[in-house]
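Every number here is computed from the coordinates shown, using simple stated rules; none is lab data. Only a predicted model underlies this, so the values are computations on that prediction, with no experimental measurement involved. Every residue, glycine among them, receives a Cβ derived from its backbone with ideal geometry; neighbour counts consider all protein chains shown.
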Amino acid sequence: MKFSLMTVVSLAFTAMVTISCGRHILSNGLKEDFAVFKGRKFGDWCSMIFGAIFILSSVMILAENSSQFPHWIRFSWTQLLDSSKEGTNLNLSGASVPVFGLFFVVLLILNLPRLAHIEEDVFREGTKDWLDAIPRSLKFGLMHMIVGVPLWVGLFLAIPGMWFTFHYFKGGVSRSTMAHATYNLIIGTILFFFVLESNLN
């Protein structure tokens, strides 16, 4: 098997994410993570689930024409390693590994509330008003470029960032974490079925 620098980086990210998620599960941290969903009203669940689906659908519609975007907005630092490929989320690299990908995605899904809470602590905690929310949401989106997503993805992720802020104003970090985790869990579930299908074919 021929290894490129991009392959090595992808494997490194896979190892780091797997170890981090595995350690957290072994430390019995999941109970505290999923407590963010505990005791929520039916209306909260409806708001989170349908809101997340609407936001995700909106972002996907915007992304459909990404190939027509100017070259500069499609930039990802991963193209410096392999110019033939578009940017990608290196945190999800493990999902593309045959068979192991299923284990990896399940491991990642279980850790999504924890990861959402970390990001909410950093980007939502202390937000004063909507004027303050705009640069915070942009920073939230652009921060994802660290893991290899293109610039346009980073900019588009400011949209769910603003939606998380809406929930932050309604119920603090706890509520915005639930919204964020719900959004990510929907994506994680979709990813799981894609990986399952690819492993069955």
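Only residues that are over 19 Å from F75 (Cα atoms) and in contact with a Pro (Cβ under 9 Å, 6 or more places away or on another chain) were counted in the stretch 86-110, giving 0. Counted as qualifying within the stretch 1-86 are the helices (runs of 4 or more DSSP H) with 2 or more residues that are of a type in the set (S, T, Y), namely 5-26, 42-63.
Here the stretch 15-57 is the region considered, the condition is being of a type outside the set (G, A, S), closer than 20 Å to Y168 by Cβ and without any contact (Cβ under 8 Å) to a residue 60 or more places away in the chain, and the residue that is surrounded by the most Cβ atoms within 10 Å (Cβ to Cβ) is W45.
Pick out the one residue from F169, F140 that is of a type outside the set (D, E, K, R), touching a residue at least 12 places away in the same chain (Cβ under 8 Å) and out of contact with any helix residue (DSSP H, G or I) (no Cβ under 8 Å at 6 or more places or on another chain).
Just one listed residue meets the conditions, F169.
Can you name the residue in the stretch 83-138 that is surrounded by fewer than 17 Cβ atoms within 10 Å (Cβ to Cβ) and among the hydroxyl-bearing types (S, T, Y) and, of all such residues, is farthest from W152 (Cα to Cα)? By that ranking, first place goes to S96. Here V149 qualifies as in contact (Cβ under 8 Å) with a residue 24 or more places away in the chain, out of contact with any helix residue (DSSP H, G or I) (no Cβ under 8 Å at 6 or more places or on another chain) and closer than 25 Å to S20 by Cα. Going residue by residue through the stretch 164-173, is there one that turns out to be part of a loop (DSSP other than H, G, I, E, B) and either surrounded by 21 or more Cβ atoms within 10 Å (Cβ to Cβ) or among the acidic types (D, E) (or both)? No.
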